[in-house]
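A.B. asks: Dropping the structure in here first, questions after.
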Amino acid sequence: MTFDLLPLFDPAWLSIPPDAGHDDVLHRIDEAERRAAGAVARLIAAVECQPDASALDARIDTLLALETRALPEAAKAADEAVERATLEIGFRRRALFPRFHTLADRIPSLHRQALVACRDARWALMVRRALADPGGPSSPLQGGGTRYVKSDRYDARAARALSPIERVRADRTLKRLGENPVPPELGLHSLNGHGDVLWAMTAGHPNRFILRRSEAARVSCFVVEDVGPHATYDEWGARR
């Protein structure tokens, strides 16, 4: 999978002549929405394709780059294009303004769909990787209550997924896992469909850990396998 499926919205779709008729403007807006929705559908189909086990790392990195950099940049450019068209056409022809307003809501919503699809696909692949390529303990047992160790895969995965500041925040959050009882705000829970094997918890907003139940030095503990963003996007792109 590459970035060839971006952008999801082409500003040229809203290159509307000032003298375009009412129906012509509506048709161009409808067509822009149709094309944008089609672009999102193609992107979602691409991110949902399952890679070979040997390509897991590369696909996870690509999805992370799409979600955190490429898609937000594309969404910003699309929002600016819609705003320009609204200023040039919508505000001058008041009967058309409600349709431009609807478009201004629809395009960010489509980008949010793409972001969520990238997040969910990436997270599913991270879970798959944690099961397919589990690491061994790389440190002494930590925690006085709940015991845990970092996997020998963890540091490399964290460096690719999080900024240095976020990694520090994640480490501080992880230390709280060792408290007794585990603080409820960490949201420690087993992942659906994986029984008692894989677990997740917060790693500092909006990041999460993936942990695996195992043993180290004959002690039952959590092995911290992976970490990455898991943003909700509830507010992103909302009308202001």
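The values are calculated or read from the model by the stated rules, or taken from the named source; none is laboratory data. All values reported here derive from a predicted model rather than from experimental measurement. Reconstructed Cβ throughout: ideal geometry from the backbone, glycine too, with neighbour counts over all protein chains shown.
A.B. asks: Which of the following residues is surrounded by fewer than 19 Cβ atoms within 10 Å (Cβ to Cβ), modelled with pLDDT under 85, under 27 Å from residue 69 (Cα atoms) and small (Gly, Ala, Ser): 238, 231?
C.D. replies: After applying the criteria, what remains is 238.
A.B. asks: Taking the range 71-115 as the region of interest, how many residues are in contact with a helix residue (DSSP H, G or I) (Cβ under 9 Å, 6 or more places away or on another chain) and either of a type in the set (A, V, I, L, M) or not assigned by TED's automatic domain parsing to the domain that holds residue 34 (or both)?
C.D. replies: 17
A.B. asks: Taking the range 74-102, which residues are among the acidic types (Asp, Glu) and under 23 Å from residue 114 (Cα atoms)?
C.D. replies: Within the range 74-102, 79, 80, 83 qualify.
A.B. asks: Residue 162 is checked against (1) in contact with a Leu (Cβ under 8 Å, 6 or more places away or on another chain); (2) assigned by TED's automatic domain parsing to the domain that holds residue 195 and fails just one. What number does that condition carry?
C.D. replies: Only one criterion in (1) in contact with a Leu (Cβ under 8 Å, 6 or more places away or on another chain); (2) assigned by TED's automatic domain parsing to the domain that holds residue 195 is unmet by residue 162, namely (1).
A.B. asks: Please find, among 52, 61, 30, the residue that is surrounded by fewer than 18 Cβ atoms within 10 Å (Cβ to Cβ), of a type outside the set (Phe, Trp, Tyr) and in contact (Cβ under 8 Å) with a residue 60 or more places away in the chain.
C.D. replies: Among 52, 61, 30, only 61 is surrounded by fewer than 18 Cβ atoms within 10 Å (Cβ to Cβ), of a type outside the set (Phe, Trp, Tyr) and in contact (Cβ under 8 Å) with a residue 60 or more places away in the chain.
A.B. asks: With respect to residue 116, is the statement that it is surrounded by fewer than 19 Cβ atoms within 10 Å (Cβ to Cβ) and of a type in the set (Val, Ile, Thr) true?
C.D. replies: Taking the combined requirement at face value, the residue satisfies it.
A.B. asks: Count, please, the residues in the range 153-171 that happen to be assigned to a loop (DSSP other than H, G, I, E, B) and surrounded by fewer than 15 Cβ atoms within 10 Å (Cβ to Cβ).
C.D. replies: The number of residues fulfilling the criteria is 1.
To keep it simple, each residue is scored yes or no on (1) in contact (Cβ under 8 Å) with a residue 12 or more places away in the chain; (2) under 12 Å from the mean Cα position of the chain (by Cα); (3) part of a helix (DSSP H, G or I).
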position: 56; (1), (2), (3): yes, no, yes
position: 68; (1), (2), (3): yes, yes, yes
position: 76; (1), (2), (3): no, no, yes
position: 85; (1), (2), (3): yes, no, yes
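A.B. asks: Another question, if that's okay. Name the one entry in 161, 156, 130 that is without any contact (Cβ under 8 Å) to a residue 12 or more places away in the chain and closer than 30 Å to residue 50 by Cβ.
C.D. replies: 156
A.B. asks: Determine which member of the set 205, 194 is in the same structural domain as residue 221 (by TED's automatic domain parsing), assigned to a loop (DSSP other than H, G, I, E, B) and free of Cβ contacts under 8 Å to residues at least 24 places away in the same chain.
C.D. replies: Answer to the check: 205.
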